[in-house]
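In what follows, a structure is listed as C-alpha cells, so that the remarks can point back to it.
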Amino acid sequence: MDTTFSSEDLAFQKEVRDFIANNYPQSLRDSIAEKKRNNEELSREDLTTWHKILGKNKGWSVPGWPEQYGGAGFTPTQKYIFEQECARAECVIVAPFGPQMCAPVIYTFGNEEQKAKHLPGILSGEVFWCQGYSEPGSGSDLASLKTTAVKEGDHYIINGQKTWTTLAQHADWIFCLVRTNPDAAKPQEGISFILIDMKTPGIEVRPIYLMDGINEVNEVWFDNVKVPAENLIGQENMGWTYAKFLLAHERSGIAQVARSKKAIERIKQIAAAEMSYGEPLIQDPAFQRKIAEAELELTSLEYTELRTLAKDSAGKGPGPESSLLKIKGTDMQQKLTELAMEAVGYYANPHMGTSLSNEYVGPDYSTNLSGSYFNFRKASIYGGSNEIQRNIIAKMVLGL
Ligand SMILES: Cc1cc2nc3c(=O)[nH]c(=O)nc-3n(C[C@H](O)[C@H](O)[C@H](O)COP(=O)(O)OP(=O)(O)OC[C@H]3O[C@@H](n4cnc5c(N)ncnc54)[C@H](O)[C@@H]3O)c2cc1C
C-alpha cells in the first residue's frame, strides 16, 4: 500500500484548503462556537449552511457520489484528503442522512423519477433527511420492526413508531423501513424501504433529550399516514437488502479518524495550558503516556482506514471492515472526550465552572467538555451497537 500523496493529490489538498479558507463563513464558526459554549442545539441553518456552500462547488457536498448524479467524482484518495481538510479546519459535519445514506440507495436501487426528484435537493442541501430504521424493541434486532405499510390502491397506509430518529425535528423527508408482509417466512423478507414526506398528515415528532440535555434525537409517530406507492424504493419486500447496503455506508463514515486527530491536537493544547503540580500537564509523564497511547491507536486506525481506501480504489464497496472502523473509531472518540475531561479536571463540569451569577468561570477551552463527554456515550450505540459490530466481524471476517 503506497501512502504517499502524488503531486496531483497535493495540488488537490491545496485546492480544498484554499476553498475552505475562502468560503467557510466566520459567522457560522461563531454561531456554532457560541452554541457549544452555552450547550445549545444547532439550528437547521447551522447544520445546512456549509452543505449548501459545498453543493454549489462541483458537488463537494456529496464527495462519494458518481459524477453522473452530480457528485464530485472524487477518487478515494481525494475523498480522504477532503475529509482530512474539513476536519483540520473544524468545519461543521454535513449531516449524512441524505448525502451518505439515503442517496446511495436512491441512485443504486431507485427509478429514474425518484433520482430526478430527490438527488438534486440532497446535493444542494435544500432538503434535509432523517433515518427511520429503529423502533422500540427493534434496534439491534432491526428485522423485528413493526411499523406497517398496507397497500390501498396507489398508496400505502403507514402506522407505527420510529425512535432515536436523529434531527427529525429539522427533516423534510424520512426514509423508513416498514413491514409490508407480516406473513413472510423470515422477518427480513417482509420489509420494504419507503420515502416519506415529513409534512404528510398523521406524522408527529416528539423530542428525546440526550444526557447532555440536547434534543438531538426524537420519536416519530405515524398514524394512518398516506404515502404514494411511487415512493417505494425498488421492489416491495426487498427493503432488507437496501437497508444492509445503506448500513455499510453509514458505518464506514462513523469512524471520523480525521476529527479524532484534531481532538488529540486540542487535548495537547489544553494540556500545555493546564498546570499540574507546578508544571504544565503536558509534561506529566503519566498524561504523556495516555496521549501517546491514543496517538498510536489512532495511527493504526488510520492505516485500517487507508487499507479500506485502497480496496475502494480497486472498485469494491465498503464490506465488513466498516464494522471494524466503526468499533475502533467510536472507541477512540469516547476515549478522547474522557482524556479532555481529565485534562481540565473539575472545570469540565459546567456546574463547577459557574459562579453564583451563573457566569462560567473556567478557562474558555473547558466550556462544555463534559457536554461532549456525555454526548459521545451515544457513539458506541448508534449505527448498530459495537457489540453487534463484533458479531458481524465474528461471522463475516472470522467465519465463526
Ligand atoms: C444518539 C443516537 C442516535 C441514533 N440515531 C438513529 C437514527 O437517526 N435513526 C435510526 O433508525 N436509529 C438511530 N439510532 C438507534 C440505534 O441504531 C440503536 O439504538 C442501536 O441499533 C441499538 O438498538 P437499541 O437501542 O434498541 O438497543 P438494544 O438492541 O435493545 O440493545 C441493548 C444492548 O444489548 C446489546 N445487544 C443486543 N443484541 C445483542 C446481541 N445479539 N449480541 C450482543 N449484544 C447485544 C446491545 O449492544 C446493547 O448494548 C440512534 C441511537 C442513538 C443512541
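The values are calculated or read from the model by the stated rules, or taken from the named source; none is laboratory data. These numbers come from a predicted model, not from an experiment. Cβ sites come from the backbone with ideal geometry, for glycine too, and all protein chains shown count toward neighbours. Protein only, heavy atoms only, side chains kept; ligands, DNA and RNA dropped before computing areas. Shrake-Rupley method; radii C 1.70, N 1.55, O 1.52, S 1.80 Å.
A compact table of results
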| quantity | calculated |
| --- | --- |
| Residue that is surrounded by the most Cβ atoms within 10 Å (Cβ to Cβ), among those in segment 208-230 that are modelled with pLDDT of 95 or more and in contact with a helix residue (DSSP H, G or I) (Cβ under 6 Å, 6 or more places away or on another chain) | V220 |
| Counted residues, segment 125-141 - those being open to solvent by less than 20 Å² (accessible area, probe 1.4 Å) and not in a strand (DSSP E or B) | 3 |
| Residues of segment 205-223 that turn out to be in a loop (DSSP other than H, G, I, E, B) and acidic (D, E), as a count | 2 |
| Within segment 119-136, tally of residues that are in contact with a helix residue (DSSP H, G or I) (Cβ under 7 Å, 6 or more places away or on another chain), under 17 Å from L177 (Cβ atoms) and more than 7 Å from the ligand (Cβ to nearest atom) | 1 |
| Single match in Q84, Q78 (criterion: of a type in the set (S, T, N, Q), touching a helix residue (DSSP H, G or I) at 6+ places or on another chain (Cβ under 6 Å) and more than 25 Å from Q26 (Cβ to Cβ)) | Q78 |
| Some residue of segment 30-37 being closer than 30 Å to V361 by Cβ and of a type in the set (V, I, T) | yes |
| Those residues of segment 381-400 which are assigned to a helix (DSSP H, G or I) and more than 8 Å from the ligand (Cβ to nearest atom), in sequence order | Q389, I392, I393, A394, K395, M396, V397 |
| Scope segment 178-230; condition closer than 17 Å to V150 by Cα and of a type in the set (K, R); matching residues | R179, K226 |
| Neighbours by Cβ (under 7 Å, 6+ apart or cross-chain): first from segment 127-139, more than 15 Å from G160 (Cβ to Cβ); second among the small types (G, A, S) and surrounded by fewer than 18 Cβ atoms within 10 Å (Cβ to Cβ) | V127/G121 |
| Filter result for the condition that a residue is at pLDDT below 85, touching a Gly at 6+ places or on another chain (Cβ under 9 Å) and basic (K, R), over K326, K316, K311 | K311 |
| Single condition K268 does not satisfy, out of (1) open to solvent by 30 Å² or more (accessible area, probe 1.4 Å); (2) within 16 Å of the ligand (Cβ to nearest atom) | (2) |
| Candidate set: segment 267-294, residues that are part of a loop (DSSP other than H, G, I, E, B) and of a type in the set (D, E, K, R); chosen: the one modelled with the highest pLDDT | D284 |
| V150 being in a strand (DSSP E or B) and open to solvent by 50 Å² or more (accessible area, probe 1.4 Å) | yes |
| Helices (runs of 4 or more DSSP H) contained entirely in segment 15-107, each with at least 1 residues that are touching a His at 6+ places or on another chain (Cβ under 7 Å) and of a type in the set (A, V, I, L, M, F, W, C) | 44-55 |
